[in-house]
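> First, the structure itself, so that you have it in front of you.
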Amino acid sequence: MGRTLYYKGIQLPQLRSFCAVAVHGSFTAAARQLGLSKPTVWQQVRALERELKVTLLRLGGRGVELTAEGNLLLKLIQPHVTGLDSLVRLFETQRTELQQSLTVASTPGLISHALPAAIQAYSRANPAVRLHLLSDMWTDKLIECLDRRQVDLGIVPFHRSETRNANLAYEELFKLQFTLLTARDHPLARKRRVSAEDLVQYPIIKGAGYNQQSLEELLRRHDLLDRMHVVMESVSTDIIVKYVGLGIGIALVYVGNRTADWNMGDLHTRRFDPEETDALPVALMYRKGAHLPDHVEAFCKNVRRHLAGG
């Protein structure tokens with residue numbers, strides 16, 4: 001029979017081989033059913049006998065016969081071995097049908113203007129994935145949800161000066177530029193260079209989050225903050241764009257290089273003085289060292305393709 005294999009403890013393959021030999025009365029037939037070689041089945045049964053310190057099978061006139069101990073063992077284990085084999089088949093069947101899910105969080109502006117094409121492409125290519133998008137969080141809350149594993153991925157703007165979360169990977173995709181929005185016929189649209197002093201000459205529609213923070217820092221640096229006339233405050237870039245277009249006020253907001261992706265319509269847009277304001281990086285964020293399933297990695301690749309450099 002060749003080299004003898006020794007096993008530590010009782011193994012499921014040993015029990016499975018014993019049951020097959022006991023049922024078929026033949027090592028040859030058992031090997032055929034299990035898809036194993038006859039020597040392998042023989043070695044597994046002999047290893048089981050050594051572990052139990054009994055003889056379970058012996059050769060008889062009609063082939064392999066069970067001893068009294070063999071009959072007892074077969075009675076005890078056959079329902080369990082059959083049940084385990086059924087469980088494995090059931091698990092494999094249902095595993096292929098398991099619903100894949102993906103939760104992605106981003107800020108309202110990015111969800112509304114930067115991500116639609118990427119999300120549409122992913123949804124069309126992966127219709128079986130249950131996609132859940134969260135669009136009502138600012139950066140600090142979003143990072144907190146990523147850290148607590150409440151979301152799988154985040155597409156998140158952040159200031160380079162801010163302390164990074166040590167548990168998260170920050171994969172920079174593109175930068176948002178601090179951009180002045182005015183109506184097409186607004187006086188500032190015709191100025192060659194717009195200064196902080198020019199901004200406070202007109203009503204301002206003030207945004208929230210980093211938009212508000214950067215605007216106030218800019219005006220404070222020039223001692224102009226108390227001269228700012230806020231005609232409207234809004235967390236929505238869409239609302240800001242609409243009312244700037246109506247001539248209600250001007251605004252400074254962070255948008256991507258491809259302003260067409262941000263639905264700016266017929267507005268006049270220009271990056272505000274880069275010496276005065278920093279660009280705002282946008283990163284793909286996820287837990288450091290986390291295994292990303294195939295459908296999650298596919299979303300990451302799709303986002304990189306659509307947004308890198310945007």
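The values are calculated or read from the model by the stated rules, or taken from the named source; none is laboratory data. Remember, predicted model here, so these are calculated numbers, not experimental data. FYI the Cβ positions are ideal-geometry reconstructions off the backbone, even for glycines, and counts take in every protein chain you see.
> Of the numbered conditions (1) closer than 22 Å to residue 238 by Cα; (2) not in a loop (DSSP other than H, G, I, E, B), residue 169 satisfies every one except a single condition; which is it?
The number of the failed condition is (1).
> Let me ask you something else. Only one of 5, 73 is in contact with a helix residue (DSSP H, G or I) (Cβ under 9 Å, 6 or more places away or on another chain) and modelled with pLDDT of 85 or more. Can you tell me which? If you could, list the steps in order and put the result at the bottom.
Working: 5 fails: modelled with pLDDT of 85 or more.
Going through 5, 73 in turn, the sole match is 73.
> Same structure, new question: For region 276-296, check the following and say yes or no: at least one residue is more than 28 Å from the chain's Cα centre (by Cα) and either farther than 26 Å from residue 165 by Cβ or part of a strand (DSSP E or B) (or both). If you could, list the steps in order and put the result at the bottom.
Pass one, region 276-296, residues more than 28 Å from the chain's Cα centre (by Cα): 276-278.
Then keep just the ones that are either farther than 26 Å from residue 165 by Cβ or part of a strand (DSSP E or B) (or both); that gives 276.
Yes, there is a match, as at least one residue in region 276-296 is more than 28 Å from the chain's Cα centre (by Cα) and either farther than 26 Å from residue 165 by Cβ or part of a strand (DSSP E or B) (or both).
> Here is a follow-up. Give the residue that is nearest to residue 112 (Cα to Cα), with candidates limited to residues of region 133-157 that are touching an Asp or Glu at 6+ places or on another chain (Cβ under 9 Å) and in contact (Cβ under 8 Å) with a residue 60 or more places away in the chain.
Among them, the one singled out is 139.
> Take the residues of region 188-207 that are out of contact with any helix residue (DSSP H, G or I) (no Cβ under 9 Å at 6 or more places or on another chain) and not charged (D, E, K, R): which is modelled with the highest pLDDT?
203
> Could you list, in sequence order, all residues of region 29-57 that are touching a residue at least 24 places away in the same chain (Cβ under 8 Å) and small (Gly, Ala, Ser)?
47
For (1) modelled with pLDDT under 95; (2) buried (at least 17 other Cβ atoms within 10 Å of the Cβ); (3) among the β-branched types (Val, Ile, Thr), each residue gets a yes or a no:
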{"position": "224", "(1), (2), (3)": "no, no, no"}
{"position": "238", "(1), (2), (3)": "yes, no, no"}
{"position": "250", "(1), (2), (3)": "no, yes, yes"}
{"position": "257", "(1), (2), (3)": "yes, no, no"}
{"position": "263", "(1), (2), (3)": "yes, no, no"}
{"position": "272", "(1), (2), (3)": "yes, yes, no"}
{"position": "289", "(1), (2), (3)": "yes, no, no"}
{"position": "293", "(1), (2), (3)": "yes, no, no"}
{"position": "306", "(1), (2), (3)": "yes, yes, no"}
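> Tell me, yes or no, whether region 251-270 has at least one residue that is at negative phi, in contact (Cβ under 8 Å) with a residue 40 or more places away in the chain, assigned to a helix (DSSP H, G or I) and among the aliphatic types (A, V, I, L, M). I'd like the intermediate steps shown before the answer.
Here is the first cut: in region 251-270, the ones at negative phi are 251-262, 264, 266-270.
So of that shortlist, the ones also in contact (Cβ under 8 Å) with a residue 40 or more places away in the chain come out as 251-259, 261-262, 264, 266-270.
With the extra rule that they be assigned to a helix (DSSP H, G or I), the set shrinks to 259, 261-262.
Among the residues that remain, those that are also among the aliphatic types (A, V, I, L, M) are: none.
No; the residues of region 251-270 include none that is at negative phi, in contact (Cβ under 8 Å) with a residue 40 or more places away in the chain, assigned to a helix (DSSP H, G or I) and among the aliphatic types (A, V, I, L, M).
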